[in-house]
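The structure appears right after this line, and notes come after that.
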Amino acid sequence: MNQSIERLLVLYTGGTIGMQQSAAGLMPASGFEARLRAQQALEAGPLPSWTFRELQPLLDSANMQPTHWLQMASAVRDAVAQDDCDAVLLLHGTDTLAYSAAALSFLLLDLEIPVLLTGAMLPAGSPGSDAWPNLFGAMRALQAGQVHGVQLFFNGVLLHGARVSKLRSDAFDAFAEAPRKRLAAAASERPPALLPQRPAQVVVLPLYPGVGAAQVRALVASGAQALLLECYGSGTGPADDVPFIEALRHAHRQGVVLAAISQCPGGHVDFDVYATGSGLRDAGLVSGGGMTREAALGKLFALLAAGLDHAEVEHWFCRDLCGEMAD
Ligand code: ASP
């Protein structure tokens, strides 16, 4: 489908792309719209016409919280409902760009317009910066009708919003889709629109030699509604540690969603391979297949924030909603 864009919103949230130097280091700066218009006058070829909005406060994305995902999602929905926008280009810092892209993939699951995120490793205007190539490249991809759902445009490449991770902090090709096996667990039922009703607390616990019941109990006591366990290899963990397994069982009985992904960048969960995997499943863990941490975190957040109950969250977590688990 090649549908050209008529009303693009450029939504500026901060990030290196528009930062200026301060005594403390690079900081987000206002006034990016004028710089963008001036630069556009020098660009060749047709670009979509756009309006511009700054989300306040402008942030280094290292300061982003899940509430900012909700703020971005509602700014996108407002642009569609109130201003009839047919595409959104979101400018964002790179540090947590993959988390926001994943969360928005689920929070905007029902939205039909393309939402493209980009940012830069060097500020616009600094020598050799990737800012303008990323930004105008993103506009051109939108204009060409190449963007579907939530995606990321970076260093000349379009990437899936719920499969991408930041893998480098020192190069222009900072983002890549994880080489994880995505199990074809496509949902046969239509997934629900995940309209946020309430905040949700999801906590990530990477497994490591030495982790135990105390860590699980502390996280549950902190108010976690879901515990995302980054398991070893194919979804294994210390299943012989009776207090650890009992702490997980107890959390599950209390209504905490226990979700598993693999901490191997090229891995996926298959609880059946080892007894140390099936022991985790028996304690109540559900498999996130080959989902990235960003995708699993954003998905659990969106499912819980939408007010789904424990069983519904477990049901949808294991099913592919937007290509995060299946092609
Ligand atoms: N710390 C910056 C941010 O995430 C890094 C960047 O934008 O590249 O906002």
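The values are calculated or read from the model by the stated rules, or taken from the named source; none is laboratory data. Because the structure is a prediction, the values reported are computed rather than measured. Here the Cβ is made from the backbone with ideal geometry for all residues, glycine too, and neighbour counts use every protein chain on show. Please note that ligands, DNA and RNA were not included when accessible areas were found on the heavy atoms of the full protein model with its side chains. Shrake-Rupley method; radii C 1.70, N 1.55, O 1.52, S 1.80 Å.
General observations
- For region 1-133, the dipole from Cβ point charges (+1 on Lys and Arg, -1 on Asp and Glu) about the Cα centre works out to 260 debye, to the nearest 20.
- Taking amide hydrogens as placed 1.01 Å from N in the peptide plane, the amide H of Leu90 sits under 5 Å from those of Leu11, Leu116, Leu117, Thr118, each at least 5 positions away in sequence or on another chain.
- For the options Val202, Val286, Val273, a Gaussian network treatment of the chain with springs between C-alpha atoms closer than 10 Å singles out Val273 as fluctuating the most.
- Segment Gln21-Arg190, extension gain: residue separation times 0.36 nm, minus the distance between their alpha carbons: 56.1 nm
- Ranking Leu104, Ala131, Ala141 by how far each Cα lies toward the positive end of the dipole of the chain (charges on Cβ) leaves Ala131 at the top.
- With every protein chain in place, the chain: carbon and sulfur % of accessible area (1.4 Å): 53
- The Leu42 and Leu122 beta-carbon pair, evaluated with R₀ = 22 Å, returns a calculated FRET efficiency of approximately 0.75.
- Estimated FRET transfer efficiency when R0 is 51 angstrom, pair Arg217-Ser4 (beta carbons, to 0.05): 0.40
- Calculated SAXS-style log₁₀ I(q)/I(0) at q = 0.12, 0.13, 0.21 Å⁻¹ - region 195-316, Debye, Cα scatterers: -0.37, -0.44, -1.19
- Cα centroids of region 2-52 and region 155-175: 19 Å apart.
- Selected from Pro191, Met121, Trp316, residue furthest toward positive end of dipole (the chain; charges at beta carbon): Met121
- Rounded to the nearest Hz, the phi-derived 3J(HN,Hα) couplings of region 114-124 under the Karplus curve 6.51 cos²θ - 1.76 cosθ + 1.60 (θ = phi - 60°) are x, 10, 10, 10, 8, x, 7, 8, 10, x, 4, where x marks glycine and proline.
- Antiparallel beta bridges, as assigned by DSSP with both residues in the chain, represent about 25 percent of the total such bridges.
- For region 260-323, averaging the sequence separation of C-alpha pairs within contact (under 8 Å, six or more residues apart) and dividing by the residue count gives a relative contact order of 31 percent.
- Summarising the label geometry, the points placed 7 Å from Cα in the beta-carbon direction at Glu312 and Gln71 lie 2.8 nm from one another.
- Probing with 1.4 Å while keeping every protein chain in the model, the per residue accessible area of region 212-327 equals 36 Å².
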